[in-house]
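This report refers to the structure that appears directly beneath it.
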Amino acid sequence: MECSRCGSQNMKTFEMAHASYNIGISSWGRFVKLMIFGPLGLFIRPKRNSVVNTTSPPEKPFPVFVILFSFLFLSTLLWLLSIYLRKGSDYGETQIALLVNAIMFVMFSAIVSWDLVRCTKARKKYPERLDKWTHSWIWLQCGTTSEVRDLPRA
Ligand SMILES: [Zn+2]
């Protein structure tokens, strides 16, 4: 099939193009990133070229904010616990820690419910997006993309 823009026949499925252009990040790299940056590492993305960006498969929805805030909430909880065990409940810092924890808990609940709703919605759309991706083609000359369903898969 020829490109409607440049007439090139050099077309690939998104899957093939992505595999050959994505010299990307190994799971080991991901692990190291997670160790260094904690859950924030999930937000750090390597720079990639435009073919890779265009052809990347849809991402499985993942409640990343739940993870991030669980981590934050757990740290404030540990802070509260340690200061309470050392100084008791009348100590000033314990009161502050208690207040911070109360605020964190409210924020945490709000974010967890928002993120779970967001994820559930995205999960419903995921099969559709994946199906579109598996049937999408790119012409490598000019970057034109097209959804083609009636070609045999090469
Ligand atoms: Zn073209």
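The values are calculated or read from the model by the stated rules, or taken from the named source; none is laboratory data. All values reported here derive from a predicted model rather than from experimental measurement. Ideal geometry is used to build each Cβ from the backbone, glycine not excepted, and the neighbour counts take in all protein chains shown. Heavy atoms of the whole protein, side chains included, go into the accessibility calculation; ligands, DNA and RNA do not. Shrake-Rupley method; radii C 1.70, N 1.55, O 1.52, S 1.80 Å.
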Can you find, within region 85-113, the residue that is nearest to the chain's Cα centre (by Cα) among those that are aromatic (Phe, Trp, Tyr) and open to solvent by 80 Å² or more (accessible area, probe 1.4 Å)? Phe105
Within region 74-84, is even one residue surrounded by fewer than 16 Cβ atoms within 10 Å (Cβ to Cβ) and within 30 Å of Met11 (Cβ to Cβ)? no
Can you name the residue in region 95-154 that is of a type in the set (Gly, Ala, Ser) and within 30 Å of Ser70 (Cβ to Cβ) and, of all such residues, is farthest from the ligand (Cβ to nearest atom)? Ala97
Would you check if there is a residue in region 106-123 being closer than 30 Å to Asn10 by Cα, modelled with pLDDT under 95 and not aromatic (Phe, Trp, Tyr)? no
Restricted to region 1-52, and to residues that are within 16 Å of the ligand (Cβ to nearest atom) and part of a helix (DSSP H, G or I), which residue is modelled with the lowest pLDDT? Ser50
List every residue pair whose Cβ atoms lie under 6 Å apart, where the two residues are 6 or more positions apart in sequence or sit on different chains, the first residue falls within region 61-80 and is within 17 Å of Leu99 (Cβ to Cβ), and the second residue, located anywhere, is open to solvent by less than 70 Å² (accessible area, probe 1.4 Å) and not β-branched (Val, Ile, Thr). Phe73/Met104; Phe73/Phe108; Thr76/Asn101; Thr76/Met104; Trp79/Ala97; Leu80/Ala97; Leu80/Asn101
